[in-house]
Every structure is written in structure tokens, then in C-alpha cells.
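A.B. asks: Dumping the structure here so I can ask a few things about it.
Any read-out appearing in this document is the output of simple, stated calculations on the displayed coordinates, not a laboratory observation. Remember, predicted model here, so these are calculated numbers, not experimental data. A quick note on method: Cβ atoms are made from the backbone with ideal geometry, for glycine too, and the neighbour counts reach across all protein chains shown.
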Amino acid sequence: QIKGFLFDLDGVIANTSAYHSKAWHQLADELGVTWTEDLGNQLKGVGRMDSLNLILKYGHKENVYTEDEKVKYAEEKNENYLKLLNGLDKSEILPGMEDFIKDLSAHHYLISLASSSKNSPLVLEKLDLRKYFDEKVDPATLKHGKPDPEIYTRAAESLKLKPEECIGLEDASAGVTSINGSGAISVGIGDPTVLKDADINFNNTSEVTLANIEKAMDNKKV
Ligand code: G6P
Ligand code: MG
């Protein structure tokens, strides 16, 4: 029986995944790494330094910079990202997600945040959604980022639930892999060819409702 929901933030609740991509694209240009849609998809859900390392690897530049230089580039990306967050408000909540979260809360499901982003408290605050979350995982305390299962395992633990009692929601391939590894049921939101490993797929956030999830679970008997 499902008792809890584990949420990714960027690209699931808020339109901020597009801002992360924009800021990484900007940095990739500066580093002389060609930006592609595939690279953009690889970065989704992945933590800050891991993302930079993926970009450098993609451009065959993994041995070009010192650790200190890499930290500087990661900070630069974050500053650009924070500029894009200026003026972020409730209008950037993805369609249907506020109602979905309210509905979960009304049905007494427990809710935890499983975002890799150190900026997630700021984003939730700006969207005025913090109050719906019973718990959250602090990404700074993780040994391994997504696609490792740790963050979803910890999110279930934060609610004192088994992963099997939880549904995780993701827009990123690395995130779906992380949910699946934890043992929770995975909902992939977005291109089903990119999110092909998800237990349940939705094309966009408007389709994400309790009724549709229940229907999908009945059909798939997950
Ligand atoms: C989320 C986003 C990623 C981002 C990561 C780290 O998972 O989907 O695009 O790289 O968080 O975010 P941060 O805000 O800490 O750099
Ligand atoms: Mg995401």
C-alpha cells in the first residue's frame, strides 16, 4: 500500500530544469563543449560537480582543468542559475502540480523532497510550496548523487516508510534510475523514450493526478 510520495523538484514541480539547462549551456559554450539535446538530458537531475564533470567528459576535456578551476566554473554556473531564478514565483509551478500536491496532502499521504539541488529550499520558498513537505533530504549529506539510489532511499527513510510504500516522481533519466534502485515505484514525467525505465509514464505534469496514478498502477499491477 502506498503511503508516501517522493518528489524531485526541478522539472517536476517547477519549470526550473529549463533554467539549469540554460545555465549549463552557457558554461558549455564558454568551455568550448558543443551543446546537444543528448548532453542536456544526461545532465538532468545530476548534481552540480557531477554535471560539470559530465560536460567536460562529453567534450573530451576531463583532464584540462584543476579541481580549483572546476569549483570556480561550477560556482559561475550557479551564479548564472540564481540570476535566472530572480523573479521566480508561483507562475513557474508546472501545470497541475500545486493541485496534485494539495490533493496528496488532503489524502494524508506523506511527502518528502528528493532534489539534488542545493537551491531547492530557495525555490520551494519562492513557489510557496514548502508547507506541503513533511520532510526533505539535504543533498549536501549524500555520498552519491542520482543515478545512485541513495537520495530516494533516504527520502523514504525520512518519512519512516519502506521505499516499496512510496512513489517517486522524476523528469530525469538519472532520477528514474535512482528511484528504481531504491525499490520505490517510479513515475517518469516527460519524453517516454528518454524515461523508458519508469514504472509509470506521463507525457506532462497535467496528467499527474492521484486518479491517473491509481489507474496506471492497476493496469501495470506494479
Ligand atoms: C537538480 C537539477 C540539476 C542540477 C542539480 C544540482 O537535480 O535537475 O540540473 O544540476 O539539481 O543543483 P544545484 O542547484 O545544487 O546546482
Ligand atoms: Mg528534475
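A.B. asks: Taking Asp218 and the conditions (1) surrounded by fewer than 20 Cβ atoms within 10 Å (Cβ to Cβ); (2) outside any helix (DSSP H, G or I), which numbered condition does it fall short on, given that it satisfies the others?
C.D. replies: (2)
A.B. asks: Wholly within the range 1-111, which helices (runs of 4 or more DSSP H) include no fewer than the required count, namely at least 2 residues that are touching a His at 6+ places or on another chain (Cβ under 8 Å) and of a type outside the set (Ser, Thr, Tyr)?
C.D. replies: On the way: elements: 17-31, 37-43, 48-58, 67-85, 97-106.
Result: 37-43.
A.B. asks: Please work out if Lys131 is outside any helix (DSSP H, G or I) and surrounded by fewer than 23 Cβ atoms within 10 Å (Cβ to Cβ).
C.D. replies: On the way: outside any helix (DSSP H, G or I): no; surrounded by fewer than 23 Cβ atoms within 10 Å (Cβ to Cβ): yes.
It is false that Lys131 is outside any helix (DSSP H, G or I) and surrounded by fewer than 23 Cβ atoms within 10 Å (Cβ to Cβ).
A.B. asks: Which residue pairs have Cβ atoms under 6 Å apart, sit 6 or more places apart or on different chains, and have a first residue in the range 149-174 that is touching a residue at least 12 places away in the same chain (Cβ under 8 Å) and a second that is outside any helix (DSSP H, G or I) and of a type in the set (Phe, Trp, Tyr)?
C.D. replies: Sorted first by the residue in the range 149-174, then by its partner, the pairs are Ile167/Phe5; Leu169/Phe7.
A.B. asks: On to the next question. Would you mind stating whether Ile2 is more than 16 Å from ligand 2 (Cβ to nearest atom), under 30 Å from Leu104 (Cβ atoms) and either within 21 Å of the chain's Cα centre (by Cα) or surrounded by fewer than 13 Cβ atoms within 10 Å (Cβ to Cβ) (or both)? If you could, list the steps in order and put the result at the bottom.
C.D. replies: Details: more than 16 Å from ligand 2 (Cβ to nearest atom): yes; under 30 Å from Leu104 (Cβ atoms): yes; either within 21 Å of the chain's Cα centre (by Cα) or surrounded by fewer than 13 Cβ atoms within 10 Å (Cβ to Cβ) (or both): yes.
So Ile2 passes the test.
A.B. asks: Does Val123 satisfy the criteria of being crowded, with 16+ Cβ neighbours inside 10 Å, closer than 24 Å to Val208 by Cα, free of Cβ contacts under 8 Å to residues at least 40 places away in the same chain and under 14 Å from the mean Cα position of the chain (by Cα)?
C.D. replies: Details: crowded, with 16+ Cβ neighbours inside 10 Å: yes; closer than 24 Å to Val208 by Cα: yes; free of Cβ contacts under 8 Å to residues at least 40 places away in the same chain: no; under 14 Å from the mean Cα position of the chain (by Cα): yes.
Criteria not met by Val123.
A.B. asks: If you take the residues of the range 44-84 that are within 16 Å of ligand 2 (Cβ to nearest atom) and out of contact with any Leu (no Cβ under 7 Å at 6 or more places or on another chain), which of them is nearest to Leu27 (Cα to Cα)?
C.D. replies: Restricting to residues being within 16 Å of ligand 2 (Cβ to nearest atom) and out of contact with any Leu (no Cβ under 7 Å at 6 or more places or on another chain), the top hit is Tyr81.
A.B. asks: Continuing with the same structure: Hey, Ser21 hits all of (1) closer than 30 Å to Tyr109 by Cα; (2) within 16 Å of ligand 2 (Cβ to nearest atom); (3) of a type in the set (Gly, Ala, Ser) but one; which does it fall short on?
C.D. replies: (1)
A.B. asks: If I go through the range 164-176 residue by residue, how many of them are crowded, with 21+ Cβ neighbours inside 10 Å and more than 11 Å from Phe7 (Cα to Cα)?
C.D. replies: 4
A.B. asks: Within the range 21-69, track down each residue that is of a type in the set (S, T, N, Q) and near ligand 1 (Cβ under 9 Å from one of its atoms). Before you say what the answer is, go through the steps one by one.
C.D. replies: Step one: list which residues in the range 21-69 are of a type in the set (S, T, N, Q), which gives 21, 26, 34, 36, 41-42, 51, 53, 63, 66.
Within the range 21-69, Ser21, Ser51 qualify.
A.B. asks: Within the range 96-117, does at least one residue satisfy the condition of being of a type outside the set (Gly, Ala, Ser), within 12 Å of ligand 1 (Cβ to nearest atom) and either touching a helix residue (DSSP H, G or I) at 6+ places or on another chain (Cβ under 7 Å) or without any contact (Cβ under 8 Å) to a residue 60 or more places away in the chain (or both)?
C.D. replies: Just the residues of the range 96-117 that are of a type outside the set (Gly, Ala, Ser), to begin with: 97-104, 107-111, 113.
When the remaining residues are screened for being within 12 Å of ligand 1 (Cβ to nearest atom), the result is 113.
Checking which are either touching a helix residue (DSSP H, G or I) at 6+ places or on another chain (Cβ under 7 Å) or without any contact (Cβ under 8 Å) to a residue 60 or more places away in the chain (or both) leaves us with 113.
Looking for residues that are of a type outside the set (Gly, Ala, Ser), within 12 Å of ligand 1 (Cβ to nearest atom) and either touching a helix residue (DSSP H, G or I) at 6+ places or on another chain (Cβ under 7 Å) or without any contact (Cβ under 8 Å) to a residue 60 or more places away in the chain (or both), one finds at least one in the range 96-117, hence yes.
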